[in-house]
Amino acid sequence: MADAPTSPVKPSGHPAGRDKPWLFRTYAGHSTAEKSNALYRTNLAKGQTGLSVAFDLPTQTGYDSDHELARGEVGKVGVPVAHLGDMRTLFDAIPLEQMNTSMTINATAPWLLALYVAVAEEQGADVAKLQGTVQNDIIKEYLSRGTYICPPEPSLRMITDVAAWTREHLPRWNPMNVCSYHLQEAGATPEQELAFALATATAVLDDLKGKVAPEHFPEMVGRISFFVNAGIRFVTEMCKMRAFTELWDEICRDRYGVQDAKYRRFRYGVQVNSLGLTEQQPENNVYRILIEMLAVTLSKNARARAVQLPAWNEALGLPRPWDQQWSLRMQQVLAYETDLLEYADLFDGNPAVARKVAELKDGARAELALIDGMGGAVRAIEYMKGRLVEANSDRITRIEGGETVVVGVNRFNTTEPSPLTTGEDAIMVVDPGVEADQIARLHAWRDGRDEAAVQAALADLRAAAASGANIMPPSIAAAKAGVTTGEWGGVVRAAFGQYRAPTGVSRAPSNRTEGLEPIREAVDAVSARLGRRLKFLVGKPGLDGHSNGAEQIAARARDCGMDIHYEGIRLTPAEIVAAAAEQEAHVVGLSILSGSHIPLVEELIERMRAAGLGEVPVIVGGIIPDDDATRLRAMGVAAVYTPKDFEINRIMMDIVGLVEAQPVAAQ
């Protein structure tokens, strides 16, 4: 008889022991610091074991709530934190010394950490005991998420300033969370996600080497953590996580000479895929989220340290507290009701898993070699961005063609009405008065502070930025003096300059022509009628940096023969209207995913009419509830597209149709 396989179960049949569950987090923050504080305290009472703070876009990009670019964005995708008073309110009655807090913040990470430390000190906490993470990964912002401020080199400097400062003052804090989550959201293949994230980590560690003593460097390597994505192909995703652990161990050992295995450990948190959540039959998203969670929990040797799950209805709008509770309960059922945590790794020795892991590692190493040959991640930003746009185009083409099945979208789309999506409160709506309230409190804060102390603190911050001194001490002093987020961001912009990242959308058409011939013929015909090539302007108004959709629309329009104009993210309505006039656009397309579509489109339409461009059709895409879509059409928007409109070729024909319907004189 063959030897029986080894088992982690004792001969009595009882489990050998039970591992501690991962941290349960819910990514949360909205409206105001006061309302977000109430949400955090409620979630902690429900059994959440860590905080994950979502900040609004003005906070993420270093603007105050009353800045022109902040219009319509305040409190929409997270909580506004404009000064120390907001941070106090956000964590009121939450003992920070006892918390493990993750802050999804990047360009303004030094500032938000400074505010957090200042509040902790006010609470009487021992700062050395603070636990948590700032994401602080700016490279992926250039590639996928768009909340950058400065060029790459000074941004890298501020990342490592935070790391060096925490080594001395916050020994239990993770100073950087290399974030591959948004790379997958931007279309990255598993190999690209592995390579681009690891290239980012090595860029940071290479820079950090000059800021900490050699004897402390291995410890700092051990404090770099990761934040990953897990998609629906959960076997591949589980293998990806095993590949991550092995490649990181290899890099730490061979590139940095880290001998202690505990400092080479791949420590990561995860939010499972939001890109695959569907507007159609959204109840199916519950199963998607659960299956994706298995990818980062089943394999003990590659299990996440912290898990946060999106809500099932995020493709429709902002989730309600009940929706977030449903996602939290999924984690708790898996951790506490099943026997998963009683067993050793379930996949060790599995030949199919080993083959897939090896294949992913080989692909990632090839990408890493290319990036290293370019001089590292910072110098390879344009290359990586182009690769992501191409990969995302391939992904969308497979869905459009039915090669990739999405249940309820391109197959099995006959459905019964869902009781979950009906009624006035089916999604959460941010109170439109929130922005005015936040601005009023900001003005009151400015009026009540010691202006001389503020100016002195800002002068010290400028001096540190100019001299190369660590940015953290003057940032903390500025927080305590009453400096605002926009003032801190203003100093950084003045010291280091602003940056516009590559769009990844080249002028030259791609080789993807299958299925485009009828559209190209229609574009040629309408262009001949116009006497020039159909001009399509794609704009991203406001602070929303999620540009994947805009990039794909622009790229497909280019491949269909349109003359496209796409400058990238973070434009004011005035700038978009000026470009429409200068470019003599025939159609203007706007992409807005932050929920700020009503005020931004309203302003743009008014400016279009004032500029004599009222006859130019405007189309809008984003996560737009039905009632808002009706309001947009009433304003004069020609067409509204939401995630259910996945057939880009149909959108292209709609654009041609809008231009055909216009009299030639109006062009």
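The values are calculated or read from the model by the stated rules, or taken from the named source; none is laboratory data. Bear in mind the structure is a predicted one, so any value in this text is a computation, not a measurement. With ideal geometry, Cβ positions are generated from the backbone for all residues, glycine too; neighbour counts draw on all protein chains shown. The protein model used for the area step is the full one, side chains on, heavy atoms only, and it has no ligands, DNA or RNA in it. Shrake-Rupley method; radii C 1.70, N 1.55, O 1.52, S 1.80 Å.
With unit charges on the beta carbon (Lys/Arg positive, Asp/Glu negative), name the residue among THR415, ASN392, TYR256 whose Cα is farthest towards the positive pole of the charge dipole of the chain.
TYR256
Out of the GluC sites (Glu not before Pro) in the stretch 507-559, which ones are loop residues according to DSSP with at most 12 other C-beta atoms within 10 Å?
GLU514
Can you give the accessible area of GLU606, probe radius 1.4 Å, in Å² rounded to 10?
110
Express the carbon and sulfur contribution to the solvent-accessible surface of the stretch 172-282 as a percent, rounded to the nearest whole number, probe 1.4 angstrom.
Carbon and sulfur together cover 49 percent of it.
Tell me the carbon and sulfur percent of the accessible area for the stretch 521-600, rounded to whole percent, probe radius 1.4 Å.
50
Could you give the size of the charge dipole of the stretch 293-419 about its Cα centre, using +1 on the Cβ of each K and R and -1 on the Cβ of each D and E, expressed in debye and rounded to the nearest 20?
240
Which one, LEU458, VAL378, GLY448, is farthest towards the positive end of the dipole of the stretch 361-485 when Lys and Arg carry +1 and Asp and Glu -1 on their Cβ?
Final value for the positive-end residue is VAL378.
Which length gain, in nm to one decimal place, applies between ILE94 and LYS20 when the Cα-Cα distance is subtracted from 0.36 nm times their residue separation?
That pair, ILE94 and LYS20, stretches by 24.3 nm at full extension.
In sequence order, what are the phi-derived ³J(HN,Hα) couplings for the stretch 119-128 according to the Karplus relation 6.51 cos²θ - 1.76 cosθ + 1.60 with θ = phi - 60°, rounded to whole Hz, with x for glycine and proline?
Result, rounded to whole Hz: 5, 4, 5, 4, 6, x, 6, 7, 4, 5.
Straight-line reach only, C-alpha to C-alpha below 18 angstrom: list the lysines that LYS535 could link to, leaving out same-chain residues fewer than 8 apart.
none
Students often get this wrong, so try it: which of [x] 1.03; [y] 0.96; [z] 1.16 is Cα Rg over 2.2 N^0.38 Å as calculated from the structure shown?
This structure yields the entry labelled [y].
Starting from the Cα of GLU68, step 7 Å toward the Cβ, then list every residue of the stretch 485-504 with an amide N under 13 Å from that point.
none
So which trypsin sites (Lys or Arg not before Pro) in the stretch 486-545 pass both tests, a DSSP loop state and at most 13 other Cβ atoms within 10 Å of the Cβ?
Values: sites: ARG493, ARG500, ARG507, ARG512, ARG520, ARG529, ARG532, ARG533, LYS535; in loops: ARG500, ARG507, ARG512, ARG532, ARG533.
Here the sparse-neighbourhood loop sites are ARG500, ARG507, ARG532.
When only Cα pairs under 8 Å and 6 or more residues apart are kept, what is the percent relative contact order across the chain?
Once normalised by length, the contact order is 16 percent.
Set the bar at 32 Å for Cα to Cα. Now go through LYS35/LYS385; LYS35/LYS480; LYS240/LYS480 and name every pair that lies beyond it.
Result: LYS35/LYS385; LYS240/LYS480 exceed 32 Å.
Give, as ranges by residue number, the residues of the stretch 560-584 whose backbone N falls under 11 Å from the point 7 Å along Cα→Cβ of ARG520.
Residues 560-562 qualify, since their backbone N sits under 11 Å from the label point.
Which one, PHE24, MET99, PHE55, projects farthest toward the positive side of the charge dipole computed for the stretch 9-147 from Cβ point charges (K/R +1, D/E -1)?
PHE24
Long-range amide H contacts for VAL79: which residues qualify at under 5 Å (H placed 1.01 Å from N, peptide plane, sequence gap of 5 or more or a different chain)?
The list, which skips near neighbours in sequence, is HIS30, ALA54, PHE55, ASP56.
What is the set of long-range amide H partners of GLY589 at a cut-off below 5 Å, with H atoms built 1.01 Å from backbone N?
The list, which skips near neighbours in sequence, is LEU537, VAL538, GLY539, ILE619.
Where both partners of a DSSP beta bridge lie in the chain, what percent of those bridges are antiparallel, to the nearest 5?
Roughly 5 percent of the DSSP beta bridges within the chain come out antiparallel.
Can you compute the modelled spin-label distance between ARG462 and THR421, with each label point 7 Å from Cα toward Cβ, in nm?
5.3
Mean residue ellipticity at 222 nm from the helices of the chain, using -39,500 (n - 2.57) per DSSP H segment of n ≥ 4 over the full residue count, to the nearest 500 deg cm²/dmol?
Value at 222 nm, helices only: -14500 deg cm²/dmol.
Give the residues of the stretch 564-605 whose amide nitrogen is closer than 15 Å to a point set 7 Å from the Cα of ALA436 in the direction of its Cβ.
Flagged as within label range: 599.
Need one word for the stretch 532-663: rounded, prolate or oblate. Basis is the Cα gyration tensor (sqrt eigenvalues a ≥ b ≥ c); a/c below 1.5 gives rounded, then a/b vs b/c decides. Each step should come with its number before you reach the end.
Working: a/c = 1.24, a/b = 1.08, b/c = 1.15.
Since a/c stays below 1.5, the shape of the stretch 532-663 is classed as rounded.
Two decimals, Cα atoms only, Kirkwood Rh: what is Rg/Rh over the stretch 578-627? All intermediate terms of the calculation are to be shown ahead of the outcome.
Details: Rg = 11.3 Å, Rh = 11.5 Å.
Rounded to two decimals, Rg over Rh is 0.98.
Using a 1.4 Å probe on the protein heavy atoms only, what accessible surface does ASP628 show? Give it in Å² to the nearest 10.
40
Please give the Cα centre distance for the stretch 40-109 versus the stretch 339-412, rounded to the nearest Å.
31
In debye to the nearest 20, how big a dipole does the chain give about its Cα centre with +1 on each Lys and Arg Cβ and -1 on each Asp and Glu Cβ?
About 1220 debye.
Using only the alpha carbons, work out the radius of gyration and Dmax of the stretch 141-246 in angstrom.
Answer for the stretch 141-246, Rg first and Dmax second: 14.7, 43 Å.
Could you give me the radius of gyration and the Dmax of the stretch 353-413, taking only the C-alpha atoms into account and expressing both in angstrom?
According to the Cα coordinates of the stretch 353-413, Rg and Dmax are 16.1, 48 Å.
Give the shape of the stretch 299-376 as rounded, prolate or oblate, defined through the alpha-carbon gyration tensor: a ≥ b ≥ c are the square roots of its eigenvalues, a/c under 1.5 means rounded, and otherwise the shape is prolate if a/b is larger than b/c and oblate if not.
Note, shape of the stretch 299-376 comes out oblate.
Solvent-accessible area per residue for the chain at a 1.4 Å probe radius, Å²? Display every interim value, and only then the final one.
Numbers: 26130 Å² over 667 residues.
About 39 Å² of surface per residue is accessible.
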